[in-house]
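The structure under discussion appears below in the form of structure tokens.
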Amino acid sequence: MTINYLAFAIPAFFLFVFIEFKIAQQQKRLKVFKYESTVANFSVGIAERLLNLFIAGSFYQLYCWIYDHYAFLHISTRWYVWILLLLATDFVWYWYHRLGHEINILWAAHIVHHQSEEFNLSAAARITTIQAIFRNVFWCTLPLIGFHPNMIITILLVHGAYSFFTHTQLVGKLGWLEKIFITPSLHGVHHASDEKYLDKNYGDVFVFWDKLFGTFQEEEEAPQYGLTHPIKSYSFLWQHFHYYLEIVEAYKRANGFKAKWNAVMGSPALMDQEIRPALEERYFQDKQRFTTKPKFKVYLNIQLLLVVVLLTGMTMFFNGLSILDRWSLLAFMLITLINIGALLEQRKWIYYLECFRLICVFGYVFYIFNIFGLLVFAVLALILLERVFSLKRKYLQYVFSSVGRS
């Protein structure tokens, strides 16, 4: 069975976050991490890694197809071409990133990356699969120019690894390096919601694109991180899709072709700020946030750890898994991520989601052992246990008695 060694990047990611957390503790910088935000960051990142298992290979195939059929040149693979490709990659990133802040439909995918009000390594995980798809549309310019797909994939791995380490407050200004590279200080400016820092520092590795196109800003006052209008929810689904709903609502309210075009392709800065509060009320996302207590954290942490272990194993052995195994693991992990968000949000319907997840697990196991017809008895047993032992009441007592309002 073929092993995908990129799977080891998943535990490595958590190891670096843990190291950053321990350093923050030693420096008594407790505000660098907040439990709920960190869990939400992990959930977004896990979903992106999970879904990308099903589509990442198609990106490489697309690069090869463009390179073989439409490349303007066939550039050599000499050592200096790697430097040229890194520069080209960062240039493409700059414009992808900048347009992601300037066009509503692209911002809907990218906004998730900016939702965290804490700036730490876990925030680097806030990439959605939709954003990854948009990003790879831009990367297609590289094989079109004539860079070999194998080189592109390698540079993209280096490019992504570098940007991960720029998401931290624990590294201060780095002197002359900031005249060449995007550093944690400069990228922290990009994640800030302060007016003077908005729409600055789009570069990922190099700083000179921002200086060339007038979007450079040094860190002066300590940034306030997050969105200018923060969302009020840790919900996995809401964080992913709220801005698409805002675009739809803005489109419905718009009169005339130009206004409707602007609702989709216009600037996020022009979005009606009354729309989000109205949608939050409509979809019950305007609740007061909660602060979890230790007993509740154990339950949630077990689920998070389970998903991380499953994702690592699935990534490592993905090519050896059957179609059923792949889609079953996908469904189970996505349901669990929704479950984690619902736990943080304290949604009472979570009990029914728990039951549904349990039935799905039984269904998978029974199907594997060719006794799927017996699933109805498992469902009846669950219903009987609920009637006899009041499982819902006990479950909600455990979940809801373990939290306090913040």
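The values are calculated or read from the model by the stated rules, or taken from the named source; none is laboratory data. Keep in mind that this is a model prediction, so the values were computed, not measured. Neighbour counts are summed over all protein chains in view; Cβ atoms, including those assigned to glycine, are modelled from backbone coordinates with ideal geometry. Protein only, heavy atoms only, side chains kept; ligands, DNA and RNA dropped before computing areas. Shrake-Rupley method; radii C 1.70, N 1.55, O 1.52, S 1.80 Å.
Observations
- Placing unit charges on the Cβ atoms only, positive for Lys and Arg and negative for Asp and Glu, gives the chain a dipole magnitude near 1260 debye about its Cα centre.
- Cα-Cα over 18 Å, subset of Lys232/Lys392; Lys31/Lys348; Lys34/Lys297; Lys348/Lys392; Lys348/Lys394; Lys34/Lys173: Lys232/Lys392; Lys31/Lys348; Lys34/Lys173
- Mean residue ellipticity at 222 nm, helices only, the chain: -20500 deg cm²/dmol; runs of at least 4 DSSP H residues each add -39,500 (n - 2.57), and the sum is divided by the number of residues.
- Averaged over its residues, the chain has an accessible area of 51 Å² per residue, based on protein heavy atoms and a 1.4 Å probe.
- Region 309-366 and region 235-284 have their alpha-carbon centroids 30 Å apart.
- Note on region 129-216: percent of Cα-Cα distances in each 5 Å bin, starting at 0 and stopping at the bin with the largest distance, equals 3, 13, 18, 22, 21, 13, 8, 2, 0.
- When peptides 87-95, 385-393 are ranked by their average number of other Cβ atoms within 10 Å per residue, the highest-first order is 87-95, 385-393.
- The alpha-carbon atoms of region 139-293 define a convex hull whose volume equals 191 cubic angstrom per residue.
- Region 37-119: C-alpha pair distances exceeding 17 Å, %: 69
- Region 1-75: radius of gyration over Cα atoms, expressed as a fraction of 2.2 N^0.38 Å: 1.67
- Nearest-20 debye value, region 51-164 charge dipole, Cβ charges on Lys, Arg, Asp, Glu: 180
- Amide proton proximity set for Tyr225, modelled H, under 5 Å, gap of 5+: Ser193
- Across q = 0.07 Å⁻¹, the chain modelled as identical point scatterers on its alpha-carbon atoms has Debye log10 I(q)/I(0) values of -0.38, in the order of the q list.
- Surface composition of the chain: carbon plus sulfur atoms contribute 68% of the solvent-accessible area (1.4 Å probe, protein chains only, all chains present).
- Taking a straight Cα-Cα cut-off under 22 Å and skipping sequence neighbours fewer than 8 places away in the same chain, the lysines within cross-link reach of Lys260 are Lys252.
- Reachable aspartates and glutamates from Lys28, criterion Cα separation under 20 angstrom, eight or more residues apart if same chain: Glu20, Glu36, Glu117, Glu118
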